[in-house]
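Structure first, then comments.
The values are calculated or read from the model by the stated rules, or taken from the named source; none is laboratory data. Note that the structure is a prediction, hence the values are computed from the model and not measured. Heads up, the Cβs are rebuilt from the backbone with ideal geometry, glycines too, and the neighbour counts pull from every protein chain shown. Ligands, DNA and RNA are excluded from the accessible area calculation, which covers all protein heavy atoms including side chains. Shrake-Rupley method; radii C 1.70, N 1.55, O 1.52, S 1.80 Å.
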Amino acid sequence: MPAMTLVILGASGDLTQRLLMPALYRLHTLGLTRDLRIVGYAKERWSREHFEKHIQKALQAFAPDYKTSDWNRFRHQLDYVGGELEADQLGQLKSKLAPASLFYLALPPQLFGTAAKALGQAGFAKSPRNGWRRLVVEKPFGTDLASAQALRQEMHEYWEEEQIMRIDHFLGKETTQNLIVFRMANRFIEPVWNAQHIAQVQITFAETLGVEKRAAYYDKAGALRDMLQNHLMQLFSLTAIAPLAEVNAEILRDHKVEVLRSVVPITPATVDAHAVRGQYRAGAIGRKKVVGYRSEPGIPRSSCTETFAALRLEIDNWRWCGVPFYLRSGKRLASNYSEIAVQFRDVPGGLAKAVSAQNNWMIFRIQPVEQLDLVVTAKRPGLELAGRQVVLTAPYEMPHDRGFSAYEQLIMDAIEGFRGHFLRFDEVECAWKILAPVLDAWQTGAPDFYAAGSEGPSTQKRLLDPGQTWRSIA
Ligand code: BG6
């Protein structure tokens, strides 16, 4: 009997093929999950052999380092059970579970509650004395505050908070984790990481991708729910947290919640000063012409769903009072460009003016490459004492590093039980609370339009303080 079982509910679906199996396969090839049995569960009544073939095809398509020899070893880890999300049918899994078992809900969000409950009714939520049971839940956790609270209650009928690991895959990204390490393990940063020295923070996640084949989901969600409520809110809280005394999941999550609780509430009267929404029209990404959102297959011709959302958040605490944090994300923008960019205040005094010193920036770049840029002023070579801006760049990965994808990281964390990179319910709740007035306001009216391939709607400017500009994503 293997030491651990991972049951994937929704094993015939897209997430399993594209992300979970390639991650599990790579972890296997690195020798990290040899004693893990992976049991796929889905409503299709497939045989184990059929499931194997299905997964092999997926790996051939999505695992960059697929090799037949590795596959021949990996496939022995796989098993499959077909059935509905009902307790008696899930019962077939009983004989396959190891003392330590993890259930991964790779399901459409509307099934999270049903699945958690059915697993509980089948008796799988109770940890055995010599092991544990954990439940991994994909995003989104609810579609607003009330639905998130209802889902939590449904899950808590059988599962304890400590057993639930809510995924936000951005927390598995190297740059996201580096936000903590780089900032907190270097002496020169902490003293300036506050309102006295920092003028503004811009967190951008721009994509050239459109809605792809996700019309049904995306048109209901929109950019605010799809990206801002979870991924960008996490980058925001991690940028703003107080330093951690130790690597401890609960302290980390407490600190993030503290930031979220200190956000100045947006009210119905201030929504327009804090939030901008946009929707792409036809345009071109590079030379490729693309249709507008409303002409995408499966999208209603009069849809007012936002494909771009920008927010201005302020934090009312000692560290950040007076520093605007800008968050924005959109589809069909000029390029794939993501970063957390921190701008420092002007340098006082005549010398800085004489050498035309510009503001410093510290940029944690996620795309197109993961790297760290420090934008500083240095002397321009020559006879004058003049300055110019130079960028000190640190590539994130060195030649012999072994990087892990976000899903590889998070699967290992889930197996090891490290909850720091998963969302606790109070974080989810706070994020929904912050956005509630915006969600309400956006139920009516229409987004501002922007051409596909552009930098987003020009109205995003209204969120900025005088003298500030959005960083270019082109
Ligand atoms: C997902 C969103 O959570 O994150 C997508 O639903 C988005 O709309 C994606 O494209 C971006 O993540 P990544 O890891 O592909 O950059």
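Here are a few things to note about the model shown:
- Residue check, S356 without any contact (Cβ under 8 Å) to a residue 60 or more places away in the chain, over 20 Å from the mean Cα position of the chain (by Cα) and open to solvent by 70 Å² or more (accessible area, probe 1.4 Å): yes
- In region 209-240, the qualifying residues are those that are at pLDDT 95 or above, part of a helix (DSSP H, G or I) and near the ligand (Cβ under 10 Å from one of its atoms), and the one that is nearest to F170 (Cα to Cα) is H231.
Residues are listed down the side, and each one gets a yes or a no for (1) hydroxyl-bearing (S, T, Y); (2) surrounded by fewer than 18 Cβ atoms within 10 Å (Cβ to Cβ); (3) in contact with a strand residue (DSSP E or B) (Cβ under 8 Å, 6 or more places away or on another chain):
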| site | (1), (2), (3) |
| --- | --- |
| L252 | no, no, no |
| V259 | no, no, yes |
| Y280 | yes, no, yes |
| E296 | no, no, no |
| T305 | yes, no, yes |
| L311 | no, no, yes |
| N317 | no, yes, no |
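- The conditions of being open to solvent by less than 70 Å² (accessible area, probe 1.4 Å), aromatic (F, W, Y) and not in a helix (DSSP H, G or I) are not met by Y407.
- Residue in region 336-345 that is open to solvent by 40 Å² or more (accessible area, probe 1.4 Å), of a type in the set (S, T, Y) and either in the same structural domain as A206 (by the TED database) or modelled with pLDDT of 95 or more (or both) present: no
- Residue match in region 277-298 (condition: within 16 Å of the ligand (Cβ to nearest atom) and either out of contact with any Gly (no Cβ under 9 Å at 6 or more places or on another chain) or not assigned by the TED database to the domain that holds W193 (or both)): yes
- Unique residue being under 26 Å from L151 (Cβ atoms), away from the ligand (no atom under 16 Å from the Cβ) and not small (G, A, S) when the list is L439, L374: L439
- Wholly within region 1-96, helices (runs of 4 or more DSSP H) carrying at least 2 residues that are surrounded by fewer than 18 Cβ atoms within 10 Å (Cβ to Cβ) and within 29 Å of the chain's Cα centre (by Cα): 48-62
- The condition of being away from the ligand (no atom under 16 Å from the Cβ) and surrounded by fewer than 14 Cβ atoms within 10 Å (Cβ to Cβ) holds for only one of R187, R183, that being R187.
- Failed criterion for R225 (all others in (1) open to solvent by 40 Å² or more (accessible area, probe 1.4 Å); (2) over 17 Å from the mean Cα position of the chain (by Cα) hold): (2)
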